[in-house]
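The values are calculated or read from the model by the stated rules, or taken from the named source; none is laboratory data. Remember, predicted model here, so these are calculated numbers, not experimental data. Glycine also receives a Cβ, built like all others from the backbone with ideal geometry; neighbour counts cover every protein chain displayed.
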């Protein structure tokens, strides 16, 4: 579970949190991602690959690793809009 100290620096959002991504997919938004299977969290930067298959070993019965966005870095989208950089694209899976 992500933990924060000052609520003034986080806000609740509703969009973009339900998609699941495969290991190695390009990260759609910089932020904290949580494995939907084991619950491990990791940070990933927009456009870079999401953590690999070996981030944590799963029991095969648990199923494959699937990353879900937990906390989105809003500053990343502000920086991209100022510099003209495009957001990374990822292929969501079910």
Condition broken by residue 46, with the remaining ones in (1) exposed (fewer than 13 other Cβ atoms within 10 Å of the Cβ); (2) part of a loop (DSSP other than H, G, I, E, B) satisfied: (1)
List the pairs whose first member sits in the range 9-20 and is on the phi < 0 side of the Ramachandran plot and touching a residue at least 12 places away in the same chain (Cβ under 8 Å), whose second member is loosely packed, with under 13 Cβ neighbours inside 10 Å and assigned to a loop (DSSP other than H, G, I, E, B), and whose Cβ atoms are under 6 Å apart, counting only residues at least 6 apart or on separate chains? 10/4
Any hit, the range 17-29, residues being surrounded by fewer than 16 Cβ atoms within 10 Å (Cβ to Cβ) and at pLDDT below 85: no
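So, in the range 49-65, of the ones that are in contact (Cβ under 8 Å) with a residue 24 or more places away in the chain, part of a helix (DSSP H, G or I) and more than 15 Å from residue 32 (Cβ to Cβ), which residue ends up nearest to the chain's Cα centre (by Cα)? Even if it seems obvious, please write down each step before you answer.
At the first step, the residues of the range 49-65 found to be in contact (Cβ under 8 Å) with a residue 24 or more places away in the chain are 49-53, 55, 62-65.
If we keep only those that are part of a helix (DSSP H, G or I) too, we end up with 53, 55, 62.
Of the ones still in play, those that are also more than 15 Å from residue 32 (Cβ to Cβ) are 53, 62.
Details: 53: 15, 62: 20 Å.
Looking at the filtered set, the residue picked out is 53.
Return the residues of the range 49-76 that are within 30 Å of residue 7 (Cβ to Cβ) and surrounded by fewer than 11 Cβ atoms within 10 Å (Cβ to Cβ); say none if nothing qualifies.
Within the range 49-76, the subset within 30 Å of residue 7 (Cβ to Cβ) is 50-51, 55-56, 66-76.
Answer for the range 49-76, where residues must be within 30 Å of residue 7 (Cβ to Cβ) and surrounded by fewer than 11 Cβ atoms within 10 Å (Cβ to Cβ): just 75.
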